[in-house]
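The structure appears right after this line, and notes come after that.
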Amino acid sequence: MIIYCSIRDYTAIFVAMVQGAKRIVVVFILVVLSTFSYGQLNNSFFDISRKDTTEGLVSLHIENLGYFRNVEYKSRIDEGRTLFGYQFWPELSYQLGEKAQVLAGLFLQRDFGGEGFYKSVPTFSFQYRLEKHFFRLGTLLGSTQHQLVEPLYDPENVIENRLENGFQHVFAAQHLRTEFWIDWQKMIYQNSPFREEFTAGVAIEPILFNKTTRKLSLPFKLLSFHKGGEIDTSKLPTISNFNFDYGVDYVTRPAGSKWDSVAFQFHALYYEDISTQPVNYIDGLGQYVSIAAYRAGFGAMLNYYDAHQFHNPMGDVVFRTISKRNPTYVFDHRKIAMARLFWQTQLASGLHFLLRANYMRDLRQDSNDVVAEFYVRWNPSFTLGKVK
């Protein structure tokens, strides 16, 4: 599917990028003069890794995630709810060669109190490693592993929409990390009564320095959301939305401090709608700042979010300016202060526990929102044998 844009559309996007770059330069100077650093919510607890093994080796990997997430929203941006259940994902892997691996599995999800499995989805993927490059086709190593900030990607998707299918390429070097991926969410055929849907992402993170006591990087992220098609019969308009993120991440590990690390992060966020029939806003912007400190599995974080007409098709709903509960509730400006506590530990080999609490104060609506969640993850791997 080809997306056609006018010169005005591309000019608007370019101007937004230039404006963001100017703001990043100012923030970069402030960061260098400060003692803080990187502070994005750490979601590495959920990361999945399928490393290369001996050629011909057959292995069984089990991904089991028990979850509890309770959201008490008092603001009008969304309704509160509770998610309580587990995911069970057994997966077989076969090492085709030194650099190639094929995997097949079955993803099962059950919410407590529901009937049967909420989801039952077969998974299949092929991955290939070549020096600093990693390619994967099929079920992606996606979700929170894309390392997107919450205004762009809601961590709750780990529960609600964890699987992504398509293609991804990751390049990881000492001073640069990049990723490109496309998640094809809905396929259309001739005369399908609905539109095709996909999300594409680009991440570029230059690492200016990464030393024992400090690290500084300037990540850039782009998300593209598309609904459209040429062979469907839906007659619905084409939707094309973009989210941009220009960031500064700086982490310090102060010697002699009681903290293992202290972190600061700033992100300039943008929204652009170039749909044939834009809905609500054609553009918007936001700022997201966080400071965090970590020690022996414990962490504390402060966040501040300020936005004007910002929309995020895949981001946490609390950062939107349009209510998910009722689209007639529109808030041109959002100002939110957040305080979080979290604790992560290993209970046994392959068994991990994560506890989080988040208090949010909506400074414009004068309301309070609370999120409490915990996760238990068991992810063992077993060698079944070798096939020549």
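Quick notes on this structure:
- Within region 229-275, if we keep just the residues that are aliphatic (A, V, I, L, M) and surrounded by 19 or more Cβ atoms within 10 Å (Cβ to Cβ), the residue that is nearest to ILE291 (Cα to Cα) turns out to be ALA263.
- Scan region 350-375 for residues that are in contact (Cβ under 8 Å) with a residue 12 or more places away in the chain, surrounded by fewer than 14 Cβ atoms within 10 Å (Cβ to Cβ) and not basic (Lys, Arg) and the total you get is 2.
- Qualifying residue in region 322-330 (condition: modelled with pLDDT under 95, under 22 Å from PHE68 (Cβ atoms), basic (Lys, Arg) and surrounded by 14 or more Cβ atoms within 10 Å (Cβ to Cβ)): yes
- Residues of region 347-388 that are closer than 18 Å to SER59 by Cα, of a type in the set (Gly, Ala, Ser) and in contact with a Phe, Trp or Tyr (Cβ under 9 Å, 6 or more places away or on another chain): GLY350 alone.
- Leading residue by the ranking (farthest from SER120 (Cα to Cα)) among those in region 166-202 that are surrounded by fewer than 19 Cβ atoms within 10 Å (Cβ to Cβ) and polar (S, T, N, Q): GLN174
- Checking ARG69, ARG23, ARG50 one by one, the residue that is modelled with pLDDT of 90 or more, in contact with a strand residue (DSSP E or B) (Cβ under 8 Å, 6 or more places away or on another chain) and not hydrophobic (A, V, I, L, M, F, W, C) is ARG69 and no other.
- Against the list (1) touching a Ser or Thr at 6+ places or on another chain (Cβ under 8 Å); (2) of a type outside the set (Lys, Arg); (3) at pLDDT below 95, the condition GLU98 fails is (1).
- Of the residues making up region 211-230, those that are farther than 22 Å from MET187 by Cα, within 15 Å of the chain's Cα centre (by Cα) and not in a loop (DSSP other than H, G, I, E, B) are PHE220, LYS221, LEU222.
The values are calculated or read from the model by the stated rules, or taken from the named source; none is laboratory data. None of these values were measured; they are calculated from a predicted model. Heads up, the Cβs are rebuilt from the backbone with ideal geometry, glycines too, and the neighbour counts pull from every protein chain shown.
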